[in-house]
Amino acid sequence: MKWVKRLTEVGIDDVPLVGGKNASLGEMLRELASAGVRVPDGFAVTAEAYRYYLREAGIEGKIRELLDGWDRSNPKDLIQRSRRIRNLIIRAECPEDLRREIAEAYRELSQQYGVDEVDVAVRSSATAEDLPTASFAGQQETYLMVHGEAELLLAVRRAFASLFTARAISYREDMGFDHFKVALSVGVQKMVR
């Protein structure tokens with residue numbers, strides 16, 4: 001698959017592709033399995049998929065425009081712009097090849113657990129998380145008890161959009177990070193109850 005990687009296929013060297021959280025989950029799955037510890041399996045929608053999604057939707061320019069016009073002395077302006085950016089991302093149409101890969105990976109995960117539609121956690125994993133000079137932990141969203149392909153695709157779009165919460169935008173600005181140098185991977189992992 002081009003846009004999706006199984007968590008068992010990724011490790012710490014894949015942080016630019018799947019973010020810190022997903023890379024660590026991949027390491028954990030491999031290391032702990034050999035010790036007999038069971039970790040719920042899953043897959044990562046890559047940071048390249050996120051970039052592809054924005055590019056194909058044709059919304060990068062509009063996002064840049066909204067970010068460039070932000071009145072930094074007005075917190076309400078940031079909140080409104082953040083909401084508009086997130087709505088652009090959530091409402092954008094997912095490219096068909098990306099949608100197919102996510103759906104296929106979800107079906108495979110469901111089959112692995114012997115159910116038609118497995119409940120999953122959908123977790124954001126930024127490519128700039130946990131850097132020595134900055135911590136992006138807790139700035140993006142997680143969605144729990146996601147059930148079925150339609151809910152999953154919406155949760156992935158919402159996770160992509162969570163890179164542009166007012167808090168995340170403000171933090172990147174304060175830390176001097178280019179908003180388009182930070183990308184987002186999305187981890188999809190079987191829910192544990």
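Taken together, the values in this text are just the output of simple stated rules run on the coordinates, not laboratory data. Owing to the predicted nature of the structure, the values given are computational and were not obtained by experimental measurement. When we count neighbours, we look across all protein chains shown, and the Cβ atoms used for this are built from the backbone with ideal geometry, even at glycine.
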Inset, instruction - Just list whichever of K2/K62; K5/K62; K5/K190 have alpha carbons separated by over 21 Å in the model shown. - result: K2/K62; K5/K62
Inset, instruction - Mind giving me the FRET efficiency for E65 and A103? R0 is 25 Å, r the Cβ-Cβ distance, nearest 0.05 is fine. - result: 0.20
Legend entry - Between helix 75-91 and the chain: long-axis angle, C-alpha atoms, 0 to 90°, nearest 10: 50
Legend entry - Cα shape, the stretch 1-58, gyration tensor, a/c 1.5 rule: prolate
Inset, instruction - For M145 paired with Q112, estimate the spin-label separation in nm (one decimal), with each label point 7 Å from Cα along the Cα-to-Cβ line. - result: 2.4
Legend entry - Computed lengthening from R30 to R84, 0.36 nm per intervening residue step minus Cα-Cα distance: 15.4 nm
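When a/c is below 1.5 the answer is rounded, else prolate if a/b is larger than b/c, else oblate, so apply that to the stretch 1-112 with a ≥ b ≥ c taken from the square roots of the Cα gyration tensor eigenvalues.
Details: a/c = 2.91, a/b = 1.89, b/c = 1.54.
Cα axes put the stretch 1-112 in the prolate bin.
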Inset, instruction - Indicate the gyration tensor shape class of the chain (rounded, prolate or oblate), computed on the Cα atoms with a ≥ b ≥ c the square roots of the eigenvalues: a/c under 1.5 is rounded; otherwise a/b larger than b/c is prolate and the rest oblate. - result: prolate
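How large is the charge dipole for the chain, taken about the Cα centre, if only the Cβ atoms of Lys, Arg (+1) and Asp, Glu (-1) carry charge, to the nearest 20 debye?
Details: 28 positive and 30 negative charges, 107 e Å.
Computed about the Cα centre, the dipole is about 520 debye.
Which whole-number percentage describes the relative contact order of the stretch 1-104, with Cα contacts under 8 Å and a sequence gap of 6 or more?
Numbers: 97 pairs, mean separation 27.7, N = 104.
Relative CO of the stretch 1-104 lands at 27 percent.
May I ask you to compute the full-extension gain from S73 to E93, defined as 0.36 nm times their residue separation minus their alpha-carbon distance, rounded to one decimal in nm? Write out the running numbers ahead of the final one.
Working: separation 20, 0.36 × 20 = 7.20 nm, distance 3.36 nm.
Taking S73 through E93 to full extension adds about 3.8 nm, to one decimal.
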Legend entry - Fewest-first ranking of L163, L98, using other Cβ atoms within 10 Å as the exposure measure: L98, L163
Inset, instruction - Would you compute, from DSSP H runs of 4+ residues alone, the mean residue ellipticity of the chain at 222 nm, taking -39500 (n - 2.57) per run and dividing by the full residue count, rounded to the nearest 500? - result: -16000 deg cm²/dmol
Legend entry - Between the stretch 3-30 and the stretch 40-55, the Cα center-to-center distance that results, in Å: 11
